[in-house]
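Nothing in this text is a laboratory measurement; each read-out follows from the coordinates by a stated rule. Here the structure is a predicted model, which is why all the values come from computation and not from measurement. Using ideal geometry, Cβ is built from the backbone for each residue, glycine included, and neighbour counts are taken over all protein chains shown.
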2 protein chains.
Amino acid sequence: MESVVTNLLSEVKKQGRVHLTEVESKEVLKAYHIKVSTGYVATDQDTAATVASWLGYPVAMKILSPDISHKSDVGGVRVNLDSPEAVRKAFSEIMQNVKLHKPGANIQGILVDQMAPEGVELVIGATFSRQFGHAVMFGLGGIFIEVAGDVAFRIVPLTREDALGMIQEIRGRKILGNFRGKPAVDVNTLADIMQKLSLLLTDHPEILEVDLNPVIATAAGAVVVDARMALGEPKRISKTLYSSEEIITGMKRIFSPAGIAVIGASSDPSKLGYSTVKNIIDGGYKGKIYPINPKAEEILGRKCYKSIQDVPDQVDVAVIVIPAKNVADAVKALGEKGVAGAIVISSGFAEIGNNELQRELVAKAIESKVRILGPNIFGIYYTPADLCATFCTPYTEKGPTALSCQSGGVGMAIIGYSRSHKMGVSSIVGVGNKCDVDEDDLIEFFGQDPNTKVIAMHVEDIKDGAAFVKAAQKVSKEKPIVALKAGATSLGERAAFSHTGALAGDDRIYSAAFAKAGIVRVSNLEELLDCARSISKLPVPKGENVLIVTGAGGLGVLLADACSRHQIQLMTLDKDLDEAFKKFIPPFGATGNPVDITGGEPPETYEATIRLALEDDRVDALILGYWHTLVTPPLVFAETVIRAKKAAEAVKAPKPIVASLSGDVEVERAATLLESHGVPAFPYSSEKAVVVLSALYRWARMAGKIKS
Amino acid sequence: MESVVTNLLSEVKKQGRVHLTEVESKEVLKAYHIKVSTGYVATDQDTAATVASWLGYPVAMKILSPDISHKSDVGGVRVNLDSPEAVRKAFSEIMQNVKLHKPGANIQGILVDQMAPEGVELVIGATFSRQFGHAVMFGLGGIFIEVAGDVAFRIVPLTREDALGMIQEIRGRKILGNFRGKPAVDVNTLADIMQKLSLLLTDHPEILEVDLNPVIATAAGAVVVDARMALGEPKRISKTLYSSEEIITGMKRIFSPAGIAVIGASSDPSKLGYSTVKNIIDGGYKGKIYPINPKAEEILGRKCYKSIQDVPDQVDVAVIVIPAKNVADAVKALGEKGVAGAIVISSGFAEIGNNELQRELVAKAIESKVRILGPNIFGIYYTPADLCATFCTPYTEKGPTALSCQSGGVGMAIIGYSRSHKMGVSSIVGVGNKCDVDEDDLIEFFGQDPNTKVIAMHVEDIKDGAAFVKAAQKVSKEKPIVALKAGATSLGERAAFSHTGALAGDDRIYSAAFAKAGIVRVSNLEELLDCARSISKLPVPKGENVLIVTGAGGLGVLLADACSRHQIQLMTLDKDLDEAFKKFIPPFGATGNPVDITGGEPPETYEATIRLALEDDRVDALILGYWHTLVTPPLVFAETVIRAKKAAEAVKAPKPIVASLSGDVEVERAATLLESHGVPAFPYSSEKAVVVLSALYRWARMAGKIKS
């Protein structure tokens, strides 16, 4: 099949064309065993009628011209023709229409085609971006796709789950099922077509855009009735220079250096070169610190060196805080000294339009084999090494979450939120202009880092999408990766010849790439930070059965609403389990889900119901709603939950528990207490607990931790 | 027209039917000058062919039977018949189909109908709920409506804005415009049809359900091709007992009493009757307090009375904290004493299934002309009267927001959040079982209350929807009303004969009612609380031109993303305004919107750009993004904003300003300072500032404050 397509494509290129005709596109599809409607090209009325009689009536007729992409728009399509007379008449009408609407078009004839069986009209397509390569699209056809934009995307290559997931994702999926008396369409054939298309694009990446529109699906299968393709150069952004091992070796030296130099260290407290040295010292770094400044003897009590070459010992990383124009030379010197990486705080590069200076820096870094973080960043924090290599204030609260951000502004919010919420972190990294080290390097490093259990990222753009997806796919199998993708950055020029291309909003391609990578996408900064702080506290759920136990009926309703917005499935209780809950709660309380134990209950009722939920194997995760009362005050509630959790975990595997606390300000202390015992808890909120649990679930589903 | 419809409907009722046939439904529509396709009923093939020749070919044919509602499902519809032969053949085929699929149906004949012109297929319908009466629906027809559920609802009676707003609201509205070369459809005619339908339902409320499906719309107008209607008893929940004046007079006495009694006062600190008296005293209440307890002489230093009758002076309100079974009698005694209202904290009524006891209480209240708050509530706070009539802790921070909640659990969250965020309130009210006083009474009272500027409500259900909408419509013209509607409460039985009925999810009807009432609906507790705290601080925007000025480019992008999610329109800057901003910011900063002044800038740059935005008449509202730097630390930023705001407000009308603060923990103090100067500010957040501004805008649009 390879050679058929290869020959056909080279013939098209030879003719200087980029668009394949319908007939050519269908030839390509046939080579990949995708079923297309059978047809022949006729150049006169009589041939058309003869062809129609071979095919059997009714037939469809469509103008065939390399100059005409949108055939309907020029009156070039007629359908449901059921006699030789009708075919002849249609032939001359189409020719007239086309001459009128598209004079001078090179007309190859009229394609006489089998009428597709009655079925559901779908569109399957593909588009290409420099970051992520090809993406396949699936959607309902006809006006649906154009009007409602109800489509799903996945990045090539497509797995079976990808293909079936796209079908599940569209709002109009109902129409594919048993609908209006029509039997359900054969979704397996649709998934086949998408996977075959994915294979075609992998084999022939120069096919940049595809529209199979319509594809007619029935219970018996699916057939492509019309097809268009466009060729081009599949230019990918690729920056792969280092192997996974090289990345990790370098990063380990950067994040846990035996010695750190500060190029541009200063004893003037108003300079970044001063605060950087001070922060490294104040942060409690135990390794060797080498201030570098040709004019100083000593800075902050540390011996100062004229140059990096003067340092007698091994240096693993250097922080650079000198003017932009001198940075490249400094990196060269680092290379000569055998320094693994440079944290370039200096600004004045691409972010202010100095692209040339940045290119020079990159060239020097590659040549010298020095990894560059930045430029234009606040620095990095890595608490396992007590390292605060930054001009901001030190932050030393240890914990399992690594955060990175592309914007320094967002970085400051991470530091402030962390301090305010006592969020333990393994690392906070600014990637800034990310001229070298970027998200995929960090994912590689944090992936193998035993001090990091969760990765949270603020991302504005991804450069080498393939490297990013590959690294994340590997790591997200075991560690949740949560990302906030700012929406305004465009993927740059993409062709828009196809419907698919027009529908492939950049944001949708990013979502598809994140899904492929197993990354949980969140909507805003507060969600990123809440998830960063809380997800690492939670065990992985075993299944989808989530239960709400609440002391406040009203809060239970709001939590249930939030679950339905965030794809959390509230389990239906078996009768025996429902009865078991009933035993513990007042007769006017409500079982079912939420279990409403009612407001006036003592700690014993909370304890009994929570233990029941945690110890019954059918419950996979628990959402608690608390109502501040005199009978069960906030801290008593917190202690009760902790006791119940401990007791249950003595006999059963831990389950994720999150809590929503409704009460006077004492609930804030209760939340802190709960959090320190592995129960993320949120005062005055009906949404946050659910958002966090939902992020955990979305990750666990993608990572294959939950059997569905 | 009245009499035609009245006669027709009474004829249908006389026959014991509830469903109108297509022909009858169309007669009703014609009486209201809604254009329907012309047709005649034929009972044999020849008549059918004759009718077809009168109408002109092609024609459609449809089975006519009071027993058949879904004609297509029984093979009862044929379209595009273009000859007498085709009509004859179709006649016999339809009859055969119907006999096969619906044996025994009473067949009145076959309706031979004009084929509708080619156009866009729409559905217009109506449904009925006991809370809100009729609602009209608008949506795209065909599979669209069933598959995507892309429909809009408005409560009857429909204004022109309602009708046009529904058309704007559907996702597929694009198809109504200039689409695929077809001219735009005549939306005015569609709005006419919806308003005429609204009038029909007002005149004949016994028409509970309507499906006009399809309505074919073209550039020249619209025609109803098929129609179905169902009759029933339009039972509304109505509890109107008091006039607006009576409500307000009563509420004024309840919220600002000259004397307050506590029925069930106690000197035992473990009793609610103790904490209630204590809170009234500790809250600083200046009026007279009368503990009532037959067994005590004095409680908390106040003279205690055996009964309410023993109190020498006027009592305006009584708090009741005695066992449920004694409450009705206590209310009777209050009535005899001339007390205006009772705050019934006692529980043990409908919330635990004691419906009878609650009915008794209501009967007694009506008889005694005593308004009842509750039962089963924590009480009420009204700060202008220094009144904390509750068993919870006192809360006395004065401010312009009145909050109510249907759930005590949510009430405790309101109190905790208020205290934690120092939110000034005029009132916090629990409505609990709301056997008498409910949201519309509160809206009436807070609407005229000079101490209240914003109303925020947690609502689980609405009982008398008409009273609620009427009160809110009046008040929301001047004061924002924000509501969190918990989604799980059903409207109870509604008929589901029509598509419309099936699509009218209870949540959608509530949204339609809130829209009619001018109420801003929010999604969760945190949004309700943030809006409650912040909206009152903001002036009303004059127009839709919103500008982002940010020191952190990354934060600006996230804020812009949030704006697009929350229907905030980022203005396009005129060239001169863009140039004016450019003068203040570094060459590598970005103008446009967001205006990115870049991170390293001093306070002067913030000040100059903020003043420019506030003093230029084209900017209507401002979103600030702050990035914590050494050059402009958090408190300096806050002071700068306050100074710029004051300077601008000396020469121009105030504009809404909200701020998102990214930085270390000092930003929390900056936020507090900004808030105290009328700038709602949110640390570590990219969403909240936009949510608050969006709520203000949504209100201002509905209240007609913004010319669009």
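Considering only beta bridges that DSSP places wholly inside the protein assembly as shown, some 50 percent are antiparallel. Against chain A, whose longest principal axis comes from its Cα atoms, helix A:688-702 is set at around 60 degrees. Projecting the Cα atoms of A:F91, A:A49, A:I706 onto the charge dipole of chain A, computed from C-beta unit charges around the Cα centre, puts A:I706 farthest toward the positive end. Summing Cβ point charges (Lys, Arg +1; Asp, Glu -1) relative to the Cα centre of the stretch B:69-171 gives a dipole of roughly 420 debye.
Taking all C-alpha pairs of the stretch B:600-708, those more than 18 Å from each other amount to 48 percent. Normalised by the number of residues in chain A, the mean separation of alpha-carbon contacts (under 8 Å, six or more apart) gives a relative contact order of 9 percent.
Tell me whether chain A comes out rounded, prolate or oblate; compute the Cα gyration tensor, take square roots of the eigenvalues as a ≥ b ≥ c, and use a/c under 1.5 as the rounded threshold. The shape class here is oblate. Each copy carries B:A105; placing its label point 7 Å along the C-beta direction from Cα gives inter-copy distances of 4.4 nm, listed from smallest up.
Shape class of the stretch B:92-134 from the alpha-carbon gyration tensor: oblate, with a/c at 1.5 or above and b/c at least as large as a/b. Counting only other chain Cβ atoms within 10 Å of each residue's Cβ, the peptide B:679-685 averages 4. Dipole magnitude for the stretch B:2-114: computed about the Cα centre from +1 point charges on Lys and Arg Cβ and -1 point charges on Asp and Glu Cβ, it is near 220 debye.
Put the Cα centre of the stretch A:180-253 next to the Cα centre of the stretch B:83-110 and the gap is 49 Å. Helix B:465-476 and the longest principal axis of the C-alpha atoms of chain B enclose an angle of approximately 60°.
Summary value for the stretch A:539-702: 27 percent relative contact order, contacts being C-alpha pairs under 8 angstrom separated by 6+ residues. Sorted from nearest, the other copies put their A:V651 label points 7.5 nm away, the label point being 7 Å from Cα in the direction of Cβ. Would you mind classifying the protein assembly as shown by shape? Square roots of the alpha carbon gyration tensor eigenvalues, ordered a ≥ b ≥ c; an a/c under 1.5 is rounded, otherwise it is prolate if a/b is larger than b/c and oblate if not. Cα axes put the protein assembly as shown in the oblate bin. Taking chain B as the reference, fit the longest principal axis to its C-alpha atoms, fit the long axis of helix B:439-448 to the helix C-alpha atoms, and give the angle between the two in degrees, 0 to 90, nearest 10. That helix lies at roughly 60 degrees to the long axis. Rounded to the nearest 20, the Cβ-based charge dipole of chain A about its Cα centre (Lys and Arg +1, Asp and Glu -1) stands at 900 debye.
Across the options A:T609, A:F588, A:L573, the greatest Cα extent toward the positive end of the charge dipole of the stretch A:572-708 (unit charges at beta carbon of Lys, Arg, Asp, Glu) belongs to A:L573. Shown for A:S3: label points 7 Å from Cα along the beta-carbon vector, and their distances to the equivalent points in the other copies, 9.0 nm in ascending order. Neighbouring Cβ atoms from other chains, within 10 Å of the Cβ of residues in B:556-564, number 5 on average.
In percent, rounded to a whole number, the relative contact order of the stretch A:508-588 is 20, using alpha-carbon pairs under 8 Å and six or more apart.
Note on A:519-525: average number of Cβ atoms from other chains within 10 Å of each residue's Cβ is 4. Each listed q (0.07, 0.11, 0.14 Å⁻¹) maps to a log10 I(q)/I(0) for the stretch B:244-479 from the Debye sum over equal C-alpha point scatterers, namely -0.19, -0.50, -0.83. Summarising the strand pairing of chain A, around 50 percent of its internal DSSP beta bridges are antiparallel. Rounded to the nearest 5, what is the percent of antiparallel bridges among the DSSP beta bridges in the stretch A:123-262? Counting DSSP beta bridges with both partners in the stretch A:123-262, the antiparallel share is about 100 percent. Every helix of 4 or more DSSP H residues in the protein assembly as shown counts as -39500 (n - 2.57), and over all residues that averages to -12000 deg cm²/dmol at 222 nm. Averaging the Cα positions of each part gives two centres, and for the stretch B:37-79 and the stretch B:577-650 these lie 70 Å apart. Per-residue packing, averaged as other Cβ atoms within 10 Å, sorts the ranges B:258-264, B:57-63 into the order B:258-264, B:57-63, beginning with the highest.
Separation of the alpha carbons by more than 29 angstrom is noted, of A:K26/B:K174; A:K332/A:K485; A:K14/A:K235, for A:K26/B:K174; A:K332/A:K485.
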